[in-house]
Amino acid sequence: MPKTSRRLTVHPPTLREVEVVRTLDITPGMRRVTLSGDQLRAFTTADGFARPAFESNGFDDDLALYFPYPGQSDPVLPVQGQAKLTAPKDPRPLSRAYTVRRWDPEAGELDVDFVRHGVGAGTTWAYRTRPGDRIHLSGPSTSKAFPVGADWWLVAGDDTALPAIGRLLDGLPSDARAQVFIEIAEEGHRQDLRQLPGVGVTWLVRPGATAGTASPLTEAVRGTRWWPGQAFVWLAGEHTAVRDIRRHLVEDRGVPKEDIDFAGYWRRSSVVALETDGAVPDPERTVTPFQKLHDLTELVAPIAIRTAVELGVPDLISRGVTGATELAAKAGVDERALGKLLRYLHTLEVVTETEPGHYALTPVGDVLTLDFIADGLHSTGVVGREMLGIHGLTESVRTGRSSYASVTGQTFADVRAEQDYEDRHLERLAKFQPALAGPIATSGLLDGVRHLVIHSGGAGAHAGEYVAAYDSLRVTICALPAQADWLRRDLPATIPDEPQRTRVSVLEQSVFEAGPAADAVLVSRAFKTLPDADAAHALRRTAENLTPGGRVLLIEEVFDTDDLDEHDGEADLIGLVCHGSGLRTAAELDTVIARAGLTRRSAHTVGLGTTVHELVRSTTD
């Protein structure tokens, strides 16, 4: 079956101030706060930045709301820039994510529902706020449309998912077919939701249980009658329940992972309240310089956690294998040695001992069962395998060259040449491309382009967006043989429309070779792995066969030295140890562009703050 898909719309990052106009208790367990204000329309900031009107088209769109720290009257807010929001670091904004329950652009009203769910900044604010109070919000950063290609829906969520489920039901077509399961704390928390003839809503009450400690939701989904046809699944709620349902659907029902949208909205945890006010969480405790340095330099904890992931310990515990003896047998390891690891993980609060020799995952340990987290920690994961190079950092800093081969026995280019690794690498890249390709397709950057050449990971997602937006556009994807093999296999699922797909071809060619004649060449994040001389040579070659007036559209991450970011620093060092390169500063990228004989005609900000450099041949070239 083809993959279902939800078309993605990216919204410019915008900070808005709004006003509470009314509150309403929908049930004893949920309060609705209605917000309005001039900044939900298009407006210009005090710094002169024009911001677009608020948009929310997806049933599961979420917002960030910003709250004051306890004892403070004003919140810490991100700083609005031309194309992004920059969050202060000390302290960081105190924000929480909430679903848009209703957006009425004509009335200029926005509804946000708050679950009475323990003690927290959002719950406290919602149950104390009054009309006239003001609050800042940002988002949604993206919106997803209803899926294309599904015959029916399976929807499951707990109290925290009710706003999204309610908006989903409001927007479904009248002939939609769906099975909907909603877990609530008590009978009085049922809500009046839109009823449709083909939609069955099952309410599940967990009497006497705290949310997340028992899961009637999991059992209900396991026991449901599976309808024929292609299902699209939407899951949200407590992390563990969502994980277990998703695992059941993939492993027992055979549902492709790409046909399941899921979100673990929250995790079982306790909240420490202020002694003077039990309804307000205690702020973060002061960390001394000594403690911070200890946290930054500690090696045993990250290695032990990675070892647990490689042995499959968190996954086994989540599947009910709790005893040390059985865990050792299932993992194929020495029981005595595993006992030492489990004891240490207990001190880290990754696991807890439920009885002598038996363990359960803590909320932190639960996170290790997420696929994308495990991928970064396991030494054979797409990200984890790249991270191995960090062990050669001392050598790379001394020499300025890659040290990956000296610590792993092979170059990273050798790793990328392995088809299995390359397949998994490209699959991961492809998941992130719609958030970039969609905004480019609607930006006007490709107006007048008849033939586009693409050099990019996840190029199929780019091509799909562009041929859908431009009826006469032809696209050639240039890729190395291993990448080309995966792209050819992926295109039918990524571009299911056959007439559109016939306008896309895959050419086995590197970025160092002059491509076919084209009006524009899109090069996306291809030069982070190359030294300056190689990057300039490749960029020059991509422009060689441009038609008169043709352009190179370059997307390349840069290191912002004016706003240092830990994740940028990490990516920079990984680039150094794996490739001998890393992230360039804006000035360094300009040098590469000039060395390639090109000139930046303009720069465009699209999507979530991505810069597309529009390059043309230098007149003196």
Sequence of H567, H189 when ordered by accessible area, the most exposed leading, probe 1.4 angstrom | H567, H189
Rg to Rh ratio, segment 491-595, alpha-carbon atoms and Kirkwood radius?
-> 1.05
Calculate the length of the line joining the C-alpha centroid of segment 308-357 to that of segment 68-147, in whole Å.
-> 39 Å
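Tell me the net charge near L615. Cut-off is 10 Å between Cβ atoms, L615 excluded, with +1 for each Lys or Arg and -1 for each Asp or Glu.
+3
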In nm², the average projected area of the convex hull spanned by the Cα atoms of segment 420-505 is 5.0 nm²
Which listed residue (H579, A517, L553) has the Cα farthest towards the positive end of the charge dipole for the chain, taking +1 on Lys and Arg C-beta and -1 on Asp and Glu C-beta about the Cα centre?
-> A517
Expressed in angstrom and rounded, the centroid-to-centroid distance over alpha carbons for segment 366-444 and segment 1-63 is 34 Å
Cross-link pairs K330/K431; K89/K431; K257/K431 - those with Cα-Cα distance over 22 Å = K330/K431; K89/K431
Total charge dipole magnitude, the chain, about the Cα centre, Cβ charges on Lys, Arg, Asp, Glu only, Debye to nearest 20 = 640 debye
With all protein chains modelled, accessible area of I303 [1.4 Å, Å²] = 90 Å²
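Classify segment 1-108 from the C-alpha gyration tensor, please: rounded if a/c falls under 1.5, else prolate or oblate depending on whether a/b exceeds b/c.
In terms of gyration-tensor shape, rounded.
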Let me see the pair-distance distribution of the chain: every alpha carbon pair, 20 Å bin width, integer percents in order.
-> 16, 49, 33, 2
Determine the calculated [θ] at 222 nm for the chain from helices alone, applying -39500 (n - 2.57) to every DSSP H run no shorter than 4 residues and normalising by the residue count; nearest 500 deg cm²/dmol.
-> -9500 deg cm²/dmol
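Normalising by the residue count of the chain, find the relative contact order in percent from Cα pairs under 8 Å and 6+ residues apart.
Answer for the chain is 10 percent.
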Only Lys, Arg, Asp and Glu count, each charged at its Cβ (+1, +1, -1, -1), so figure out the dipole size of segment 411-498 about its Cα centre, rounded to 20 debye.
-> 180 debye
About the Cα centre of segment 93-152, how large is the charge dipole given +1 on each Lys and Arg Cβ and -1 on each Asp and Glu Cβ? Please answer in debye to the nearest 20.
-> 360 debye
Would you tally the net charge around A161, using a Cβ to Cβ cut-off of less than 9 Å, leaving A161 out, and scoring K and R as +1, D and E as -1?
-> -4
F512 accessible area, nearest 10 Å², 1.4 Å probe?
-> 70 Å²
If ligands, DNA and RNA are left out, what is the accessible area of R474 with a 1.4 Å probe, given in Å² to the nearest 10?
-> 120 Å²
Share, in percent, of DSSP beta bridges within the chain that are antiparallel, nearest 5 | 55 percent
Answer with one residue from A176, W234, T86: the one whose Cα lies farthest towards the positive end of the charge dipole of the chain, charges on Cβ with Lys, Arg +1 and Asp, Glu -1.
-> A176
Percent carbon-and-sulfur accessible area, the chain, ignoring ligands, DNA and RNA, probe 1.4 Å | 51 percent
So what's the net charge close to G376: Lys and Arg +1, Asp and Glu -1, counting the other residues with Cβ under 13 Å from its Cβ?
-> -1
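The values are calculated or read from the model by the stated rules, or taken from the named source; none is laboratory data. Just so it is clear, the model here is predicted, and its values are computed rather than measured. Methodologically, a virtual Cβ is constructed for each residue, glycine included, from the backbone with ideal geometry; neighbour enumeration extends over all protein chains shown. These accessible areas exclude ligands, DNA and RNA; they are computed on the full protein's heavy atoms, side chains included. Shrake-Rupley method; radii C 1.70, N 1.55, O 1.52, S 1.80 Å.
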